[in-house]
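Report on one structure; see the data block that follows.
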Amino acid sequence: MTAVQTIHAAFVGHISAALDALEAAGTLPRGLNRAAVTVEPPRDVTHGDLSTNAAMVLAKPAGMNPRALAEVLCAELLKVPGVASAEIAGPGFINLRVDAAAWLAELRAIATLAGDYGRSTMGQGTTVNIEYVSANPTGPMHMGHCRGAVVGDALATLLEFAGHKVIREYYVNDAGAQVDVLARSVHVRYREALGEGVGEIPEGLYPGEYLIPVGQALAAEFGDQYAKSPEADWLVLFRTRAVAAMLVMIKSDLALLGIHHDLFSSEAELQAAGKPDEAERWLRAHDLVYDGQLEAPKGKTPEDWEPVKLPLFRSTKFGDDQDRPIKKSSGEWTYFGADLAYHFQKAQSADALVDIWGADHAGTVKRIKAAVAAMTGAEGKPTPFEVKLVQMVQLMKGGQPFKMSKRAGNFVTLADVVEMVGKDVVRFTMLTRKPDAQMDFDFDKVVEASKDNPVFYVQYAHARICSTLRKAAAEGFAPGDAGLDLLGEEELGLIKLAAQFPRLVEAAAVAREPHRVAFFLQDLAAAFHGYWNVGNDRPEKRFIVAQDAALTSARLYLATQIGQLVRNGLALLGVEAVEEL
């Protein structure tokens, strides 16, 4: 990254230097923890350009009155070149106003840094493992998987941009009963490929037509060898081949969205390698697993319920409401037991873990967080672990729920949706709301050419900029920074908004919330279109003012950098910036 400092980074440094000066003068005690000190735009833009809470968060540990500390801090900040004013607000916030030259320098910084504008070293190379999608390998991707896939992938890109090393992981649940059902479903298609009339697919099996080619491939390879043989002869083989075929399909579907994982981890391989057994031994050695009885079900106890002694994880020690079994009475691992071992394995190669789960898994969050805390914190600080829950998406078209997919059997495939509206529309739309909020994906709305469609509105801003630059070039004008001092308050307002991007990247990365980037792009696009519309009524406010080459060049320079910023933001979301609409 080119060594150019953004205004946000500069003022983080200025405030740190001012605090250093107060320490050196004896006004502040040395060694105060400054981790909670922030620099950000004030909520009300009329209050200034930048705001800091430094006096508020440091006053108590310094044994000072917040406003008194704010006064001496303001005196230091007024010494900083470019600071026009420093005012105290409320109980001790400091609002700063910065002169126009500093904002014009920021515009040049965008031009210099280009695709690296907003990139951060905040992550300092720490490794974050993000597990997302992890759908059962029993069929093609459907729209129930899509939102989590996009959120996880955008988060991975965001964290890399913020300086982290990222591992994109997919956990293949290929050891449960559902893959046995898959194998039996494929066996039906295998017999069908051999010419047997199988009729309706039996209840409880997967009916989708996507299994027909898998059955055909097995028929071509093995002939009728397994047509009449008992299940025990073919179940493992058919399960292995079917899961492999489904993973090829899943990877192909995800590629349609531009999603590629670094690692596919198999639950079956995890168990075959004895990882859950290792985890149990470790937990018993640390008195975190014991043999005990589950509590009776709440309410009326079922007649067939019997107390059974099982190995129980002490999850209540970590905030869960009851201890959880890691094995079933049959000796098989519970999903929780296998998941516990899997997360322990992930933590060996990452400094932090993030899981993207569907909201229907909310009930298991507390116990798996307890397990990770237990297994990674025995000899020090536990590995940070977060679960981001993603709500389902309601598909709509023509004001009605969208019809089901015949090929898939009973759901709408991701591939069908991408074919209908395109990758970029799907990805951006999935990030236009917080992941834990309900979402309607309306096929009519997402392709609508209006300001009410955020996908279009942001893309249109970039296309408008590209069109303006092409028109200007045809008329003999080019962007340039020589006359930037000709820009007025409206143009400076756009620069100030654009300058929030580096801070936003860091805040979104810390919060693990890539949708913040989409929200920022919507605000930036709205501001750009608003400025553009002023020129419709006032020709002197247009980007191209034929009689003023210097002003035109400066405004084109501004437009160029806004376009760059839209590209940077869209790249974090995995969306291409179009040049024409």
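The values are calculated or read from the model by the stated rules, or taken from the named source; none is laboratory data. Here the structure is a predicted model, which means the values were calculated and not measured. No Cβ is skipped: glycine too gets one built from the backbone with ideal geometry, and neighbour counts run over all protein chains shown.
So here's what we get for this one:
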{"read-out": "Listing of strands (runs of 3 or more DSSP E) fully contained in region 71-135 that carry 1 or more residues being farther than 30 Å from Ala571 by Cα and touching a Cys at 6+ places or on another chain (Cβ under 8 Å)", "value": "83-89, 93-98"}
{"read-out": "Contacts under 8 angstrom Cβ, first residue in region 212-236 being among the acidic types (Asp, Glu), partner in a loop (DSSP other than H, G, I, E, B), 6 or more apart", "value": "Asp224/Leu194; Asp233/Tyr226"}
{"read-out": "Output for region 367-386, where each listed residue is surrounded by 16 or more Cβ atoms within 10 Å (Cβ to Cβ) and basic (Lys, Arg)", "value": "Arg367, Lys369"}
{"read-out": "Residues satisfying the stated conditions in region 414-433, i.e. touching a residue at least 40 places away in the same chain (Cβ under 8 Å) and closer than 19 Å to Tyr457 by Cα", "value": "Lys423, Asp424, Val426, Arg427, Phe428, Met430, Leu431, Thr432, Arg433"}
{"read-out": "Hits in region 194-219 (condition: surrounded by fewer than 19 Cβ atoms within 10 Å (Cβ to Cβ), assigned to a helix (DSSP H, G or I) and of a type in the set (Gly, Ala, Ser))", "value": "Ala217"}
{"read-out": "Counted residues, region 482-531 - those being surrounded by fewer than 16 Cβ atoms within 10 Å (Cβ to Cβ), in contact (Cβ under 8 Å) with a residue 60 or more places away in the chain and not in a helix (DSSP H, G or I)", "value": "1"}
{"read-out": "Residue pairs meeting the criteria (Cβ under 8 Å; at least 6 apart or on separate chains; first farther than 22 Å from Glu221 by Cβ, in region 238-267; second basic (Lys, Arg) and not in a helix (DSSP H, G or I))", "value": "His260/Arg168; His261/Arg168; Asp262/Arg168; Leu263/Arg168"}
{"read-out": "Residue, surrounded by the fewest Cβ atoms within 10 Å (Cβ to Cβ), within region 400-425, restricted to residues that are part of a loop (DSSP other than H, G, I, E, B) and modelled with pLDDT of 65 or more", "value": "Lys403"}
{"read-out": "First in region 86-115 and among the basic types (Lys, Arg), second anywhere and buried (at least 18 other Cβ atoms within 10 Å of the Cβ), Cβ under 9 Å, 6 or more apart", "value": "Arg97/Gly48; Arg97/Asp49; Arg97/Leu50; Arg97/Val83; Arg97/Ala86; Arg108/Leu484; Arg108/Tyr557; Arg108/Gln561"}
{"read-out": "Residue match in region 560-570 (condition: in contact (Cβ under 8 Å) with a residue 12 or more places away in the chain and farther than 14 Å from Ile110 by Cβ)", "value": "yes"}
{"read-out": "In region 136-179, the residues that are modelled with pLDDT of 95 or more and among the hydroxyl-bearing types (Ser, Thr, Tyr)", "value": "Thr157, Tyr170, Tyr171"}
{"read-out": "Single residue of region 18-49 satisfying the filter (in contact (Cβ under 8 Å) with a residue 12 or more places away in the chain and under 16 Å from Lys79 (Cα atoms)) that is surrounded by the fewest Cβ atoms within 10 Å (Cβ to Cβ)", "value": "Ala21"}
{"read-out": "Subset of region 160-182 (residues that are touching a residue at least 40 places away in the same chain (Cβ under 8 Å), surrounded by fewer than 22 Cβ atoms within 10 Å (Cβ to Cβ) and assigned to a helix (DSSP H, G or I))", "value": "Gln178, Asp180, Val181"}
{"read-out": "Some residue of region 179-188 being among the hydrophobic types (A, V, I, L, M, F, W, C), over 30 Å from Ala217 (Cβ atoms) and within 31 Å of the chain's Cα centre (by Cα)", "value": "no"}
{"read-out": "Failed condition for Ala84, given (1) exposed (fewer than 15 other Cβ atoms within 10 Å of the Cβ); (2) farther than 18 Å from Glu40 by Cα", "value": "(2)"}
{"read-out": "Count - residues of region 426-449 that are outside any helix (DSSP H, G or I) and either crowded, with 21+ Cβ neighbours inside 10 Å or in the same structural domain as Phe528 (by TED's automatic domain parsing) (or both)", "value": "3"}
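Condition check ((1) at pLDDT 95 or above; (2) not in a loop (DSSP other than H, G, I, E, B)) across all residues:
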site: Val4; (1), (2): no, no
site: His8; (1), (2): no, yes
site: Val12; (1), (2): no, yes
site: Ile15; (1), (2): yes, yes
site: Ala18; (1), (2): yes, yes
site: Ala35; (1), (2): no, no
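Conditions (1) more than 22 Å from Leu247 (Cα to Cα); (2) surrounded by 20 or more Cβ atoms within 10 Å (Cβ to Cβ), marked per residue:
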position	(1), (2)
Ile94	yes, yes
Ala109	yes, yes
Arg119	yes, no
Ile130	no, yes
Cys146	no, yes
Arg184	no, no
